[in-house]
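**Student:** Below is the structure I would like to discuss, written out as structure tokens.
No value in this document is a laboratory result; all are computed from the given coordinates. Please read these numbers as outputs of a predicted model, since none were measured by experiment.
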Amino acid sequence: MSMKTKAAFQLVLFGLACWTLISYFEASEGIASFFRTKSGEMVFELNLTPFILFVAVSAVYLYLQKKSRPAAKKLLLPDEFEEQDEREKMMTAKACRASYIAVYFSLPVAAVLLIFYPLFQSRIPFFPIIIVFIIMIIQHLSYVISFKKNEKNSGAL
């Protein structure tokens, strides 16, 4: 599977994971009151659509990955570290550096945005979840873009 396909799958999985956590967050107050009252009456609503989509896309991604990697490596090593030679290790090192720099600048921006969270907490109570996933997406995109740029510059096909 190409890096662009992997990156697309991972971005979709990030989005679905964010949607799943937001849906759980929206139901968490009802779930907490259900366990506090012990009335035995279900008083919360949980949207299972994002969870089902997340599991389905994860299953497709893992199936496609199964062909290219051993099972132990799938769970323990990120896809990004599948280097074959020194050239790929150097490209990975440069991409990791770019990713680190992107996070280095995005975290203070996220911190400043979270300072203003109380102002719109009533409208967007799940704002911190979105911020965390935006940082993850920025990190991942900066890695992939840097890797592809370094791949072109190194003369790889």
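**Student:** Need one word for the stretch 80-157: rounded, prolate or oblate. Basis is the Cα gyration tensor (sqrt eigenvalues a ≥ b ≥ c); a/c below 1.5 gives rounded, then a/b vs b/c decides.
**Tutor:** Values: a/c = 4.02, a/b = 3.36, b/c = 1.20.
Cα axes put the stretch 80-157 in the prolate bin.
**Student:** Which whole-Hz ³J(HN,Hα) couplings does the stretch 138-150 yield from phi under the Karplus relation 6.51 cos²θ - 1.76 cosθ + 1.60, θ = phi - 60°, glycine and proline marked x?
**Tutor:** In residue order, the calculated couplings are 4, 4, 5, 5, 5, 5, 5, 5, 5, 4, 5, 5, 5 Hz.
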